[in-house]
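I have placed the structure first, in the form of structure tokens, so that the comments after it can refer back to it.
A short reminder: the numbers here are calculations on the coordinates, not readings from a lab. Everything quoted here is computed from the prediction, not taken from an experiment. Because the Cβ atoms are built from the backbone with ideal geometry, glycine has one as well, and the counts that use them run over all protein chains shown.
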Amino acid sequence: MKRGATVYLYELAWILPSIAIPVGMLAALLVTAFGAGIHVPSIAGRIDPTRVTETAPFDQPGVVKTGPVSYEVRMIGQIWAFTPNEIRVPVGSTVTFVATSKDVIHGLFIPGANVNIMLIPGQISRVTARFDREGEFFMACHEYCGIAHHTMGGKVIVEPRS
Amino acid sequence: MSLDTASDPEKRLTGAHMLVANVALLGGIVTGLLQGLEHAGVEFPASEYFLQSYYHSVSMHGVLNVLVWTTFFIAGFLPFISARAYAMPLASPRLGWLTFWLMLAGLLIAAVPLAGNAATVMFTFYAPLKAHWAFYVGLTLVVVGTWLITLRLALSQRDWRARHPGARTPLAAFMSLVTMTMWTLASVGLAASMLFMLIPWSLGLVAGTDPLLTRTLFWLTGHPIVYFWLLPAYVSWYTLVPRQAGGRLFSDPMARGSFLLFLILSAPLGLHHQVTDPGIHEGWKLFQAFLTFAVFFPSLLTFFNVVASLEGAGRARGGKGLAAWFFRLPWGDPSLAAQLLAMLMFCAGGIGGLINASYNMNLVVHNTAYVVGHFHTTVGTAVTLTYMGISYWLVPHLAGRALWSARMALVQAWTWFVGMLIFSTALHELGIRGMPRRTMISQASYFQPEWSALLPWVGVGGTLLFVSGILYLLNLVLTVTVSRAPAPAVPEFAVSTAPPEDGPAILNRLRPWIVTAVVFLVIAYGPTLARLVATSRLNAPGFRVW
């Protein structure tokens with residue numbers, strides 16, 4: 001063996017765990033993502049960003065009941081507001097947000113509900129969340145969108161089931 | 001020719017780059033202080049003569065720190081260290097100076113709209129926010145300048161090889177060339193976005209743009225850019241720090257291997273910045289998440305190699321025990337202390353980065369203050385504090401005068417470390433509690449009471465960082481102006497316990513690795529980019545909404 005055997009063994013003793021550690025973490029990631037059925041945003045269609053308010057379903061933004069416990073929120077992001085900016089659903093609802101932007105890039109972020117998606121002009125964003133806890137969730141635009149970016153917010157109010 | 005005289009022709013050129021880098025850093029820390037205080041509840045001092053809004057400040061802060069401070073430091077440091085490693089002057093000093101003036105011209109062209117609030121689009125400049133055309137043109141010239149540095153390092157390597165046939169390229173020079181090659185390959189995304197979309201659009205030659213396509217091209221370059229910042233710090237950690245600590249580099253072949261892995265793995269993973277974007281298939285996001293974990297491999301190799309080198313040094317100085325040797329290292333040397341602290345902070349930063357990149361976990365932290373906490377431990381400390389540590393020997397050498405105060409430099413390094421610990425811990429926690437980034441948070445309409453207890457710590461940490469940054473700059477200014485003692489010798493390159501000849505010859509070649517890097521990039525990005533280009537209508541108009 002040409003090289004010092006000790007150095008070689010030390011190198012190997014680290015190279016192998018250096019492969020095993022990321023592989024192990026990746027396995028944990030896959031198990032948690034697919035085991036829990038978590039999906040990240042994917043392709044949901046394009047839209048003409050200059051004709052958002054004339055294009056279905058964004059010509060009628062709002063909350064639509066689509067099943068016994070499911071709702072669809074059709075939402076437009078624009079400087080500096082969400083339309084709608086207050087959403088009421090009963091507890092236990094599954095809510096699908098279908099959203100886009102009619103000007104610059106915005107974000108739709110509802111901490112605590114795993115809603116974290118970008119609203120990009122020209123693209124339709126689609127994300128589904130379950131609201132299992134009563135109370136108020138705040139939503140915020142979390143992509144810089146101009147001088148009043150910090151005023152772009154709203155709330156999801158999860159009401160008791162009547 | 002001796003090491004010292006070899007780098008002499010580079011001295012003025014390196015000094016010119018360092019001057020620009022440090023002026024930018026001054027702007028970066030002043031804006032940073034005001035933003036930290038804003039979070040702590042101090043009203044942001046907007047003024048029509050200086051910073052017109054909080055967001056104007058954030059845009060300046062990002063551009064000055066991560067685009068200018070880093071790029072100009074790298075453009076000064078890598079050629080300098082390469083000349084020393086080759087023990088030979090680099091090819092074409094004229095090309096070096098042409099590059100400097102081109103980059104400076106680009107910087108000034110971009111700086112006019114940036115300072116004038118006509119480019120308040122953040123350093124990410126996501127369309128359809130539309131900055132003044134000069135901002136895009138100026139930044140593009142800076143990028144073109146970096147390509148010329150790659151060319152100059154490649155020409156120098158060719159010269160050296162002609163004189164040393166069959167020999168292994170000296171480690172520091174090899175690493176510098178790999179770093180610049182990686183960056184040059186990766187910057188094609190940004191260049192394509194600028195040349196084909198943003199510049200014609202900002203000039204009014206085309207009416208619309210495609211926000212998702214420009215954003216995807218940005219991140220194709222935007223992740224490898226972090227390795228462009230980090231790898232020069234690694235050059236110091238591998239080739240100088242072991243000797244500064246009183247030891248040897250553990251393994252030269254392993255060091256080369258890790259850099260070549262960075263060359264092929266740095267770029268095909270930018271989609272992990274776009275996990276929450278619509279219009280990109282989640283399968284490709286997952287694929288690039290895999291590659292993000294793959295690039296953790298060369299990071300772990302680096303961790304081991306550098307720590308093993310330091311352990312050797314600590315034990316040689318009489319250190320014992322499992323970890324007690326760490327405290328035996330020569331902590332009184334500010335250049336070394338700064339870099340050791342940078343490494344410590346990077347342990348947290350690296351792990352935090354994996355969380356960001358973890359596909360499903362990204363849904364919790366994307367675009368929150370967590371990310372801000374993260375990149376201040378990485379580019380803001382691992383990189384910046386290392387560059388500061390390098391400056392503590394480089395600037396005295398360039399000026400021919402001893403560092404004005406080693407004690408002040410030590411205080412500076414520790415203040416940065418402690419300030420960052422406070423600052424980034426608070427921001428990580430605020431992010432987990434749902435606080436968005438890049439937001440004038442004390443004015444937010446959805447402000448959450450639970451953020452109140454943590455926000456003052458952002459101001460405290462930010463103030464400490466500001467004080468530390470000023471101490472650093474002051475020390476350099478006093479070194480150049482009033483210090484009278486002659487400069488001490490420049491740190492010599494560390495000798496390796498496993499010399500380069502122990503490694504296979506493939507570790508001394510670049511071409512096969514460049515080809516592999518291109519193949520990886522095409523596989524990871526080809527289908528997504530082809531689809532985005534094919535379906536693009538370039539119909540998003542621009543907005544100036546600040």
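Miscellaneous remarks
- Highest mean first, the peptides A:44-52, B:337-345, A:13-21 sorted by other C-beta atoms within 10 Å per residue fall in the order B:337-345, A:44-52, A:13-21.
- Backbone N atoms of the stretch B:109-127 closer than 16 Å to the 7 Å Cα→Cβ label point of residue B:144 belong to residues B:109-111.
- At R0 = 25 Å, FRET efficiency that the Cβ-Cβ distance of residue B:46 and residue B:19 yields, to 0.05: 0.25
- For chain B, a simple Cβ point-charge model (Lys and Arg +1, Asp and Glu -1, everything else neutral) yields a dipole of about 880 debye relative to the Cα centre.
- Most mobile listed residue (A:76, A:110, A:43) in chain A, GNM with C-alpha springs under 10 Å: A:43
- Value of [θ]222 nm, deg cm²/dmol, for the protein assembly as shown, DSSP H segments ≥ 4, -39500 (n - 2.57) each, nearest 500: -18000 deg cm²/dmol
- Electrostatic tally near residue B:325: other residues with Cβ closer than 10 Å to its Cβ, Lys and Arg +1, Asp and Glu -1, net +3.
- Per-residue ³J(HN,Hα) for the stretch B:420-430, Karplus 6.51 cos²θ - 1.76 cosθ + 1.60, θ = phi - 60°, Hz, x for Gly and Pro: 5, 4, 5, 4, 6, 4, 4, 5, 4, 5, 4
- The residue list B:490, B:545, B:241 was ranked by how far each Cα lies along the charge dipole of chain B toward its positive end, using unit charges on Cβ atoms, and B:490 comes out on top.
- Legend: mean number of C-beta atoms from other chains within 10 angstrom of residue C-beta atoms, peptide B:49-57, equals 2.
- Proxy reagent accessibility, fewest Cβ within 10 Å first, across A:141, B:347: B:347, A:141
- Cβ-Cβ FRET estimate between residue B:151 and residue A:69, R0 fixed at 60 Å, reported to 0.05: 0.45
- Each residue in B:281, B:272 was given a count of other beta-carbon atoms within 10 angstrom of its own, and listing them fewest first yields B:281, B:272.
- HN-Hα J in Hz across the stretch B:20-29 - Karplus 6.51, -1.76, 1.60, θ = phi - 60°, x for Gly and Pro: 4, 4, 6, 5, 4, 4, 4, x, x, 7
- Applying both filters, DSSP loop and at most 14 other Cβ atoms within 10 Å, to the GluC sites (Glu not before Pro) of the stretch A:104-148 gives A:134.
- 18 Å reach of a label modelled at residue B:531, 7 Å along Cα-to-Cβ, counting backbone N of the stretch A:28-45: A:39-45
- For the stretch B:390-408 and the stretch B:463-523, distance of Cα centres in Å: 16 Å
- Each residue of the stretch B:408-416 was assigned a 3J(HN,Hα) from its phi angle through the Karplus expression (A = 6.51, B = -1.76, C = 1.60, θ = phi - 60°), giving 4, 5, 5, 4, 4, 4, 5, 5, 4 Hz with x at Gly and Pro.
- Taken residue by residue and averaged, Cβ atoms of other chains lying within 10 Å of the Cβ of A:37-44 number 6.
- The charge dipole of the protein assembly as shown, taken about the Cα centre with unit charges on the Cβ atoms of Lys, Arg (+1) and Asp, Glu (-1), comes to about 1400 debye, rounded to the nearest 20.
- Tilt relative to chain A, helix A:5-35 - C-alpha long axis, 0 to 90 degrees, to 10: 20 degrees
- Residues with amide H under 5 Å from that of residue A:43, placed H, sequence gap 5 or more: B:279, B:280, B:282
- Close amide-amide hydrogen proximity is noted between residue B:401 and B:487, each under 5 Å apart and 5 or more residues distant or on a separate chain (H modeled in the peptide plane; Pro and chain starts excluded).
- Summing charges over neighbours of residue A:42, with a neighbour being any other residue whose Cβ is under 15 Å away from its Cβ, gives +2 when K and R count +1 and D and E count -1.
- In terms of surrounding Cβ atoms within a 10 Å radius of their Cβ, B:284, B:451 rank from fewest to most as B:284, B:451.
- With the charge dipole of chain B set up from +1 on Lys and Arg Cβ and -1 on Asp and Glu Cβ about the Cα centre, the Cα lying farthest toward the positive end among the listed residues B:459, B:36, B:18 is that of B:18.
- Separation of the stretch B:179-240 from the stretch A:1-69 is 22 Å, based on Cα centroids.
- For peptides B:238-247, B:48-57, B:429-438, sequence by mean Cβ density within 10 Å, most packed first: B:238-247, B:429-438, B:48-57
- Part-to-part distance (alpha-carbon centres) for the stretch A:85-129 and the stretch B:50-105, which is given in Å: 41 Å
- Residue (of B:107, B:194, B:180) at the positive-pole extreme of chain B, dipole from beta-carbon charges: B:180
- Amide H contacts for residue A:139 (H built 1.01 Å from N in the peptide plane; partners 5 or more residues away or on another chain; cut-off under 5 Å): A:154, A:155, A:156.
- Treating r as the C-beta distance of residue B:206 and residue B:331 and R0 as 45 Å, the FRET efficiency rounds to 0.20.
- Averaged over the residues of A:97-104, the number of partner chain Cβ atoms lying within 10 Å of the residue Cβ comes to 3.
- What the Cα convex hull of the protein assembly as shown gives, in volume per residue, is 153 Å³.
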